[in-house]
Structure formats: C-alpha cells, structure tokens
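The values are calculated or read from the model by the stated rules, or taken from the named source; none is laboratory data. Predicted model only: the values in this text are computed from it and were never measured. Positions of Cβ are backbone-derived with ideal geometry, glycine not excepted, and every protein chain shown enters the neighbour counts.
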Amino acid sequence: MADEHTGADVWSDKPNIYSVKGCSDGSKHQNLWPRPLARRWILMLFLGTCLLYCARMAVPICAVSMAAAFQWNKIDSGLVLGGFFWGYCFTQILGGHASDKVGGERVLLVSVATWALITALTPLVAQLGSHTLALMTTARFLMGLLQGVFFPSLASICAQRVVEGERGFLMSTMHSATYLGTLMAGGMGSIMLDRYGWESMFYFTGFLSWLWALLVWQCFLKGEVSPRQLESLSGDSNFSQWNLSHWIRLLQKPPVWAMVFAHMCTASTSNTLLSWLPTYFKESFPDATGSVYNVIPWLVAIPSALGGGYMSDYLKKHGGYELSTVRKIMQLLAMGGSSLFIMLLSGGAFTSFTSAVTFVSVAVGLSTFTSCGVSVNVHDLAPSCAGALYGFMNMLGAFMGLLLVSLSGYLIEVTLSWTSMFSLVSLVNTSGLVIFVLFGDARRVDLDASSSITVV
C-alpha cells in the first residue's frame, strides 16, 4: 500500500492552496502544505521559535546585572520577570482564534516583527526616566502581549497545514527549538554580558528577530493567499461558527479540562524555572562559569525533545499502546520524572555545582516529553479549534506562571532559601500529573460538542 503522505491528494506541488479529501478532522477541505514547502516552513518556524526564546530569555539571563545596575531586590526582579506573563495571558485566545480564521503564518509575521522592535528598544526604554522598574515591567508586559500569539498560532498551523500522522513529531521539533533558543540565549548572553554589557543582548536578539520576519515576508507570504481566501476554505460551517455554548460544552468534558489543568501546571512551572534558574546558579555558585549552567541544561533538552518524539511514535506504532496511554506515559516522564530531580536540588547533601547542573539538566530533559503528551493532546481532542483551545490553556498557564514567578520571588526573599521555590514547582507538577493520568484521554470530543448543540 502506498504511503498516504505521498499521495497526490495530500502533498501537491501546486502553489498557494492545497486541498485533501477525506480529512480525519471532519472538514471537507484542509489547506495542507506540499512536502517541499512544508520543509522550508518547518525550518523557518524552527528558527523563529529559537529567536522567540532568545528574546524571552534576555531578561532572565541579564537579571542579576540589571538588578545591580538599577538596585532591584528579589521582589522587584520578580515583578519585572512576571510582567511578561501578564501580557502573555491576554493574547492567547485571540491569537489562536485569528490563526484559525486567517492563517497562523500571517499572525506570526506581525507578532515577530513587533516584538523584535520592542526587544531592540528595551535598553533605551530603561534609560528614559527614573521609574526604571515601571518602565521595564511595562516593556516586558508588551513583550508577553506580542509573544502570546506564537504557540496558539503554531498549534493552528499544525492542525491546518500538516497531515495528522506528522503533527506529533512537528510539535516535538518545535519544542526542541525552544530549548535551542534558551541554549543560544544562555551561551550568547553569557559572552555578551562579560564583553559588551547587558544591553547588547537586547540589541542582537532584536535585530535577528526582525531579520527573520523580513525573510518570511519576502520568501513566503508576499503575494500569497489573502486572509479572506484562506478563511473561505475552512471545512465544516459548524466549526467556523463556534459560540460560547459550544465552548462550555467542550470544556465540560473531563479529558479537555484535565488536559487544560495539566498544561497550566507544566507551563507555569517551566516558566518559573526559566525565570529563576539563572539567578539561582549565579547566587548559589558565584564562582561558576555562566556559560556552563546557562548552556548545558538546554543542550541536553534538544536531543531529549527529539527523542521524545521518536519514543512516542514507537510506542504507538510498534509498542501496541493506545494513543491515550502513550500521552500519559510521556506526561508521567515529563512531570513526574522532572519533579523528582527538582526536589533533589533542595537536599542539603546535593549542594555541589556539578550535582546541581546534573539535576537541572535531567529535569529539563525529561520535561521536554510534554511535547508528546499534553502539548499535542489538543490536536487529538479538538483539531477543529486547536489554535483557540491551545490559546485558552496557554493563557491559563501563563497566568499561573505569573503567580508562580512572583510568588517564588517573594518566598526566596522572605525565606532566604531556594528550597521553597523548588518544593512549590514539584507540588504543582505533581498535581497536574495526577489529574491528567486519572481523566486524560486522546479520543476526539469536538464533534460531540458541536453536534449536541446544533441538533434541536
């Protein structure tokens, strides 16, 4: 039997619009990329995700230097770091909904071009007046506002443009790009901090991000399908007219809210660790080389994320496991395994720099398996509204991340210990894991939500 991914109905070489018959998502038509175009887009999306995290990590990497320059304490640093997540909360659903309607590629282009400019201007904003704390918190808020549309748009692109059998590996590839971006930010940031000052990190990442947006416009989107044309090709009219009742019915289903809660937990703890780990290493091991602890954990995460994608596919195709079981196994490793190693950081017997880097690296590496668990579960449960639903749960994850980042800063300042933060992260992770294992599933539920409302 011929491979369905290479058939003319699925991968066509015709430009602009690509249709497929008999899509498994219930729609009559789907705008799929032909394979050559898909390869080029995946490469650009991979690079874009790297740059997204380079820009996002600029403040955490430079937090100690900026705190010294502007005389911030831990609570002040927590406010600046948390400001990103305030903005990140507000555009998740909007970004996913807009991407479902007009195409995620265009939403990403506008987003990247704008936050690239803000990143490059951040050092100048910090010097505008005496209220540096308020100015930097506002700049981070705007960064979060603009970056909030990225992953919902990516989820929408995955659902609209990529065949079902390749979505899991695509998402794991994109998640590996987040760790490569963090790795680049750590290595590049450590060198720039030592040689050129913290401002150089913002200038450089802002320039590269703007260059990415320019290349995407010139090489991919200029003269391509208009938003109206793309919207008109959405398949089932029921899915294009979802209202509040549909969403309420969908969110009442146990697999959906279990997925949402687990994503909230894993996203918020990941954001907390991204925000505070550079400061933890800098203060706990002041003589250590920054390029080591800012690079090694994320270097481990890249092959781990890709390996998780292969492992997930193997368990499904050759291991004989049901898809829901595969999702739960990957999430158990991601949240349960990483929590175990995070808790080891709190132990008094494990205080050496080598052990700390090892435990953080293993925890970060295991956490990447969530890209084959909760993160891709949205495509299993509700492919017809994957962008908007992913945006909804990412919004809640960002809001919870805001609370955890700020609360962690307060606990560290009050207790003068990092144990409280690591314990909090482990508790939140464990709670999300238990709910997902008990109530999670991988069977599609959006068809039931739509039909139960439209039938009178």
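What number of residues in segment 159-187 are at pLDDT 80 or above and among the hydrophobic types (A, V, I, L, M, F, W, C)?
Counting residues in segment 159-187 that are at pLDDT 80 or above and among the hydrophobic types (A, V, I, L, M, F, W, C) gives 6.
Residue check: is Phe261 in contact (Cβ under 8 Å) with a residue 24 or more places away in the chain, of a type in the set (A, V, I, L, M, F, W, C) and surrounded by fewer than 16 Cβ atoms within 10 Å (Cβ to Cβ)?
In short, no.
Yes or no, residue by residue, for (1) over 25 Å from Met188 (Cβ atoms); (2) in a loop (DSSP other than H, G, I, E, B); (3) at pLDDT 90 or above:
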site: Ile42; (1), (2), (3): no, no, no
site: Phe46; (1), (2), (3): no, no, yes
site: Ile61; (1), (2), (3): no, no, no
site: Gly78; (1), (2), (3): no, no, no
site: Leu94; (1), (2), (3): yes, no, no
site: Leu109; (1), (2), (3): no, no, yes
site: Val112; (1), (2), (3): no, no, yes
site: Leu121; (1), (2), (3): no, no, yes
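Scan segment 92-117 residue by residue and report those that are β-branched (Val, Ile, Thr) and either in contact (Cβ under 8 Å) with a residue 60 or more places away in the chain or within 15 Å of Arg161 (Cα to Cα) (or both).
Those that are β-branched (Val, Ile, Thr) and either in contact (Cβ under 8 Å) with a residue 60 or more places away in the chain or within 15 Å of Arg161 (Cα to Cα) (or both): Ile93, Val102, Val107, Val112.
Name the one entry in Ser355, Ser367 that is of a type outside the set (A, V, I, L, M) and either closer than 19 Å to His175 by Cβ or assigned to a loop (DSSP other than H, G, I, E, B) (or both).
Going through Ser355, Ser367 in turn, just one is of a type outside the set (A, V, I, L, M) and either closer than 19 Å to His175 by Cβ or assigned to a loop (DSSP other than H, G, I, E, B) (or both): Ser367.
Restricting attention to segment 133-192, and to residues there that are touching a Ser or Thr at 6+ places or on another chain (Cβ under 6 Å) and not in a helix (DSSP H, G or I), which single residue is surrounded by the fewest Cβ atoms within 10 Å (Cβ to Cβ)?
Looking at residues that are touching a Ser or Thr at 6+ places or on another chain (Cβ under 6 Å) and not in a helix (DSSP H, G or I), I get Gly148.
Return yes when Ser339 is modelled with pLDDT under 90 and over 21 Å from Thr173 (Cα atoms) and no when it is not.
No; evaluated as a whole, the condition is false for this residue.
Could you tell me which of the residues Val425, Val434 is under 17 Å from Gly373 (Cβ atoms) and either crowded, with 20+ Cβ neighbours inside 10 Å or of a type outside the set (Lys, Arg) (or both)?
Just a single option satisfies the conditions, and that option is Val434.
Looking at Tyr310, Tyr390, can you tell me which residue is in a helix (DSSP H, G or I) and out of contact with any helix residue (DSSP H, G or I) (no Cβ under 7 Å at 6 or more places or on another chain)?
From the options Tyr310, Tyr390, the qualifying one is Tyr310.
Would you point out the residue of segment 187-212, among those that are over 21 Å from Lys282 (Cβ atoms) and among the aliphatic types (A, V, I, L, M), that is farthest from the chain's Cα centre (by Cα)?
This residue is Leu211.
Pairs needed: first member in segment 278-291, farther than 12 Å from Ser352 by Cα; second member anywhere, outside any helix (DSSP H, G or I) and among the aliphatic types (A, V, I, L, M); C-beta distance under 9 Å; at least 6 residues apart or different chains.
Qualifying pairs under 9 Å: Pro278/Met57; Tyr280/Leu345; Lys282/Ala288.
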